[in-house]
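Heads up, the thing below is written out as structure tokens.
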Amino acid sequence: MIITEDIGIVQREAWAANRLPPVEEVRPGLWSIPVPMPHNPLRYVLCYALALDTGLALIDPGMDTEESWQALVDGIASTGHHVTDVRYAAITHLHPDHFGLAPRLRETTGAAIAMHAAEATALGHFTPADAAADIEAWRVDLTDLGAPPEVVEAPRFDLVRFPPGTSADVVLEGGDRLDLPGWNIEAVWTPGHTPGHLAFVDRDNDLLFSGDHMLPRISPNISSGPGELDSPLNRYLLSLHATTMLPDCEVLPAHEYRFRGVTDRARELMAHHDDRLEEIRCAVDAHPESTAWEITTRITWSRPIDAMDPRLLRLAVRETQAHLIVLADRNVILSDGGTPSRWSLATPTADQ
């Protein structure tokens, strides 16, 4: 059964009850389909299906597992379509919970896969030598952050990549219109969570498909590291500021539940990072010559740090580093340039 409801009430109730929400018709010809994410605290991705004259388009098909694929197929069927009706899939970003099913979807349906150039490049085929070099680059970088061996060597969240010899069918840039007859949807480049993250705005229907750029309850992970932006947090804050220039419409995120208030939520997220920057500055002030890892263990997190597994700890230290980079860019702190890098407050100048 398809549920039609007001601003995510049923989705919020399902989230609070730790259950999968139903398929929902958000607007005529637009459905929200929850696709499970096994063994992940976020539980599901909200895939959006848009009716076309010749079939369906999707935004973020979900994670590459058999359970996820079956949920996507069943969700599409509940809209009165078949998975083979899918003609187009727009991807907000490269993370496996969003892009993972795209290669299988294309193989099954012939659907065109659309994404930002930065994401398409990063998802290109890797040779074994490329993969080994990438792993080593991450080890070196984590060592420079002062991370302990169990975090440096923790298994990675591997990306699902395009098969050899293939790539995105459509490369999108900010401002591009999606080729979806009957819809007027524009790609909005929102770098930060990843270098090529895209949101999609539908001004005709008062909607923003926000991907992970903007969620109703949590702040997306903003991490430094090989292959990421030089200052991912700075780019994310700029993206949030740009988001406040969009219509203050209903937000259809990739996780949790839909909500209204683009500008208010963007400002909440900017304020959150201001508070986080100040917390980290205070930690550096209290413990000069600290590594990023040591600072990570001294600041607050949504769960106790000793309850995090090594993969989550790796995300945490990289998020700390993203904040340290911004503070350094603002001349608030400085690194000693060693390995591992150690941070202290910058010495005030005479005119400060």
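The values are calculated or read from the model by the stated rules, or taken from the named source; none is laboratory data. Predicted model, so just to flag it, every value in this text is computed and none were measured. Using ideal geometry, Cβ is built from the backbone for each residue, glycine included, and neighbour counts are taken over all protein chains shown. Side chains included, ligands, DNA and RNA excluded: accessible areas come from the protein's heavy atoms. Shrake-Rupley method; radii C 1.70, N 1.55, O 1.52, S 1.80 Å.
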* All positions within region 146-160 that are assigned to a loop (DSSP other than H, G, I, E, B), aliphatic (A, V, I, L, M) and at pLDDT 90 or above -> Ala147, Leu159, Val160
* To do: Enumerate the pairs (first residue in region 7-23 and farther than 20 Å from Ser78 by Cβ; second residue anywhere and open to solvent by 40 Å² or more (accessible area, probe 1.4 Å)) with beta-carbon separation below 6 Å, excluding pairs fewer than 6 apart on the same chain, so at least 6 apart or on different chains.
  => Ile7/Arg260
* Would you be able to tell me the number of residues in region 329-339 that are open to solvent by 30 Å² or more (accessible area, probe 1.4 Å) and either of a type in the set (Gly, Ala, Ser) or touching a residue at least 60 places away in the same chain (Cβ under 8 Å) (or both)? => 4
* Tally time: how many residues in region 266-305 are without any contact (Cβ under 8 Å) to a residue 60 or more places away in the chain, in contact with a helix residue (DSSP H, G or I) (Cβ under 7 Å, 6 or more places away or on another chain) and basic (Lys, Arg)? -> 2
* Structure fact -> In the set Ala131, Ala114, the lone residue that is over 26 Å from Phe200 (Cβ atoms) and either within 21 Å of the chain's Cα centre (by Cα) or of a type outside the set (D, E, K, R) (or both) is Ala131
* Selection within region 49-60 - over 19 Å from Glu186 (Cα atoms) and touching a helix residue (DSSP H, G or I) at 6+ places or on another chain (Cβ under 7 Å) -> Gly55
* What residue, among those in region 162-182 that are of a type in the set (Gly, Ala, Ser) and under 22 Å from the mean Cα position of the chain (by Cα), is surrounded by the fewest Cβ atoms within 10 Å (Cβ to Cβ)? -> Gly175
* Structure fact -> Note on region 132-161: residues of a type in the set (Phe, Trp, Tyr) and open to solvent by 70 Å² or more (accessible area, probe 1.4 Å) are Phe157
